[in-house]
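This report concerns only the one structure given below.
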Amino acid sequence: MSNPFQNIFNAQQANQFQVAKANYKQRIAKLEALKQAIEVDYKQAIRDALYADFKKPFIETDLTEIYPVVSEIKYVKSNLKRWMAKQKVKTPMALLGTRSWFMYEPKGVCLIISPWNFPLNLTFGPLVSAIAAGNTVILKPSELTPNIAKVMAKIIEALFSKDEIALIQGDVAVSEALLELPFNHIFFTGSPQVGKIVMQAASRHLTSVTLELGGKSPTVIDESANLKEAARRIAWGKFLNNGQICVSPDYVLIHEGVKTEFITELKSVIQEFYGEEAMRSSAYCRIVNDKHVNRLTHYIQDAKTLGATIECGGDFNADERFFAPTIVSKLPDEALLLQDEIFGPILPVKSYGKIEEAIDYINGKSKPLALYIYSKNKKQIQQIISATRAGSTCINSNILQYSNHNLPFGGSNTSGIGKSHGIFGFQEFSNQRSVLKQYGNGTISLLFPPYNSFKQKLIDFTIKWF
Ligand code: NAD
């Protein structure tokens, strides 16, 4: 049976060189149009759609969906001319008589598959990099947030022809059909499990991939940390978007001497942020669907069965898809909350005696997307960083590392392959094409056959000195 998306793919393939020709001003004009749509024309529609999808507060939509895409566009605008310019490089002595440079050429026809947790940001964010790099793109947003998917489809249809950028709505079957096509690059954001499926499909065509995945991101709090500050920042990072964030602090590893005080601080911040009843708070959003509510309730049930302490929360309202801000302590290692990525408003707190125990615990799991450290002890901070591996680290805060365009964003192995944001996103959607130009005869002609003892001396000399 023929692929339902073959025609659209063929149209983009035929158009890719035309799209690639766009100079930096033309690419910026496309990005400006996208910015105007998000920031002004469709702003309220975006807010309403995300509210309908999972009761996301308007301020959080502005902060975590609209702002990151708009600021990425602004950043690209001030740098694209430089990124697109020929990048001259030095010439080694042995290549005298040549000049070299490289330039970024578009990969070609790209596929962007995105998740539901920041559906606009994680669809249009990579799109900004893909447009900046001069590609054609097919976008496949998540089926779990259908209202925002519809608004994004409208924006794309209004701004681009299908042979340049097309958005296809649909579920896993749509994703699978798209993955059969020989794209030049696939940018996938989602779970490590689906990341493996994407990479396997890409391997059939040797398509390059960027995989922005997830996993368990630990937070270490040592005995020197400012606990009040840590509690405020962690409460914000954990309960923002209801904990449905790839770089959410998944669990806390805290020095045993300060654990009780930290939990007390955290409980009081939760009350301050969301009131006595978080369900009534306008600052607290919802779990995306019933399946995920059930998953989280199962984690709590499992924790209780294993004798853990629910320090606060644990309650839910399935009809409302509400899950209370929850802190759990005294969990045995086999508890599901310490095994799976939580992706919800539950924070396990686990204590350690010596910092080496915390380090070993982290290294006993897959490489995290983010590792957070709260400490005033510079030596200890350095020790944790150098003894562990992670996609990114934030010291005395969380989540914010995502927002600096000058930093590469992404994971390592199970938490991801490749980087996004700023120049790193632009590079991901580009091929670095190198060019060497010879002028005159160049030194290499001295080594052309037939070979003789003089040429042998010349190569010996070259190996020794250049
Ligand atoms: P998911 O992997 O279930 O789905 C992501 C996308 O893949 C969706 O568009 C979906 O339709 C598609 N998909 C699902 N199953 C598929 C299959 N079998 N074959 C082909 N396509 C398939 O992820 P999710 O539940 O939407 O998002 C949550 C996950 O994403 C978490 O693990 C989280 O950590 C991760 N995430 C990572 C980042 C990052 O930047 N690293 C950002 C957000 C979310």
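The values are calculated or read from the model by the stated rules, or taken from the named source; none is laboratory data. Everything quoted here is computed from the prediction, not taken from an experiment. We place every Cβ from the backbone using ideal geometry, glycine too, and count neighbours over all the protein chains shown. Areas reflect the complete protein model, heavy atoms only, side chains present, ligands, DNA and RNA absent. Shrake-Rupley method; radii C 1.70, N 1.55, O 1.52, S 1.80 Å.
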### Query
Given the residues 116, 101, which is the only one that is touching a residue at least 60 places away in the same chain (Cβ under 8 Å), open to solvent by 20 Å² or more (accessible area, probe 1.4 Å), out of contact with any helix residue (DSSP H, G or I) (no Cβ under 9 Å at 6 or more places or on another chain) and hydrophobic (A, V, I, L, M, F, W, C)?
101
### Query
Since residue 109 meets every condition but one in (1) within 23 Å of residue 181 (Cβ to Cβ); (2) open to solvent by less than 10 Å² (accessible area, probe 1.4 Å); (3) near the ligand (Cβ under 10 Å from one of its atoms), which condition does it not meet?
(3)
### Query
Does any residue in the stretch 253-277 that is closer than 22 Å to residue 317 by Cβ come within less than 9 Å, Cβ to Cβ, of a residue that is assigned to a loop (DSSP other than H, G, I, E, B) and polar (S, T, N, Q) six or more places away or on a different chain, and which pairs are these?
273/281; 274/281; 275/281
### Message
Given the condition open to solvent by less than 30 Å² (accessible area, probe 1.4 Å) and either in a strand (DSSP E or B) or within 21 Å of residue 210 (Cα to Cα) (or both), answer yes or no: does some residue in the stretch 84-92 qualify?
### Response
no
## Note on the structure
Wholly inside the stretch 349-466, helices (runs of 4 or more DSSP H) that include 1 or more residues that are surrounded by fewer than 17 Cβ atoms within 10 Å (Cβ to Cβ) and at pLDDT 95 or above are 355-363, 378-387, 453-465
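Listed here are the residues, each with its yes/no results for (1) more than 10 Å from the ligand (Cβ to nearest atom); (2) modelled with pLDDT under 95; (3) not hydrophobic (A, V, I, L, M, F, W, C).
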| residue | (1), (2), (3) |
| --- | --- |
| 177 | no, no, no |
| 181 | yes, no, no |
| 188 | no, no, no |
| 194 | no, no, no |
| 208 | yes, no, yes |
| 215 | no, yes, yes |
### Summary
When the stretch 127-152 is checked residue by residue, the ones that are part of a helix (DSSP H, G or I) and either more than 15 Å from the ligand (Cβ to nearest atom) or open to solvent by 10 Å² or more (accessible area, probe 1.4 Å) (or both) are 130, 131, 132, 146, 147, 150, 151
### Query
Restricting attention to the stretch 219-229, does a residue exist that is within 9 Å of the ligand (Cβ to nearest atom), at pLDDT 95 or above and among the β-branched types (Val, Ile, Thr)?
no
